[in-house]
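To start, the structure itself, in C-alpha cells.
The values are calculated or read from the model by the stated rules, or taken from the named source; none is laboratory data. The shown structure was predicted, so the numbers you read here are calculated from the model rather than taken from an experiment. Cβ placement follows ideal geometry from the backbone for every residue including glycine, while neighbour counts extend to all protein chains displayed. With ligands, DNA and RNA removed, areas are computed over all heavy atoms of the protein, side chains included. Shrake-Rupley method; radii C 1.70, N 1.55, O 1.52, S 1.80 Å.
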Amino acid sequence: EAWYFIPMAIGGSLFPAIVKYKDISEDLFYKRFQYFLDLMFYIGLFIAIPIVIYSNFIVQVLYGSSYADAASVLELHAIGGVFVVIAIAQGKFWVTFNLQKELMWVTCSCAIANVGLNFMLIPFYGIDGAALATILSYLFGAMVFPVFILKARKMLYQSYMVLNVVRVIQCLKK
C-alpha cells in the first residue's frame, strides 16, 4: 500500500488543470476526466502486475521463506490497489462536485461490507479471505456503491470505461 502515494501525487498535480475545464465546458471536463481515470488505472496496473508476478520473490527477499504464504496476500492487495487508484481518481470528482456527504456514505458502506465479508471469508480462506474481503470492499466502493448516488453516475460510467478493452485499443490506435 506504500505505492499509493504515486497516484495520489499525480492526481494532486494533474487534477487542478482538469477542474478548470468544468467552468469552460462540461463535455470537455468529462473528456479530460476520462483521460485522468485511464491514466490512473494504467498506473495502477503498471505497478500491480509486477507485484503479482514477483510476489513470491518479494516476500522471500523481504521476509524470508517462513513468510512464503504471505505472497498470495501481497498479490491480492496489489490487485485491490487497482481499485484504490480508481477510487483516488474518483475522490477528486466527489470533491469537485461537492459530494463529500455522499462519499461518506459510500465509504461507510465499504467499511460495513468489509466487516461482513471478513466474517464470511476468514473462516473458509483464512488470511487470504481477509485480503479478498478488502479487495471486494475496494471494488464495491469504486464500482458498485456509487451507482446509488445519482450525481455520481456519469463518473461511475466513466470508471467502467477504463475496463472496456475495445475502447482502450481504439484509443491506442489514435
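The table below gives the values:
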item	result
Contacts under 6 angstrom Cβ, first residue in the stretch 68-79 being under 10 Å from I53 (Cα atoms) and open to solvent by 50 Å² or more (accessible area, probe 1.4 Å), partner at pLDDT 95 or above and in a helix (DSSP H, G or I), 6 or more apart	E75/V52; E75/S55
Some residue of the stretch 34-48 being part of a helix (DSSP H, G or I), under 30 Å from K154 (Cβ atoms), open to solvent by 90 Å² or more (accessible area, probe 1.4 Å) and of a type in the set (A, V, I, L, M, F, W, C)	yes
Members of the stretch 90-139 found to be among the β-branched types (V, I, T) and within 16 Å of the chain's Cα centre (by Cα), listed by number	V106, T107, T134, I135
Tabulated pairs, the stretch 114-133, first closer than 12 Å to H77 by Cβ, second surrounded by fewer than 13 Cβ atoms within 10 Å (Cβ to Cβ) and of a type in the set (V, I, T), C-beta under 9 angstrom, 6+ apart or interchain	A133/V115
Number of the exception - V52 against (1) over 27 Å from L39 (Cα atoms); (2) open to solvent by 20 Å² or more (accessible area, probe 1.4 Å); (3) modelled with pLDDT of 95 or more	(1)
Criterion violated by P123 - all others in (1) in contact with a Phe, Trp or Tyr (Cβ under 6 Å, 6 or more places away or on another chain); (2) open to solvent by 80 Å² or more (accessible area, probe 1.4 Å) satisfied	(1)
Failed item, numbered, when K154 is tested on (1) touching a residue at least 40 places away in the same chain (Cβ under 8 Å); (2) open to solvent by 30 Å² or more (accessible area, probe 1.4 Å); (3) in contact with a helix residue (DSSP H, G or I) (Cβ under 6 Å, 6 or more places away or on another chain)	(3)
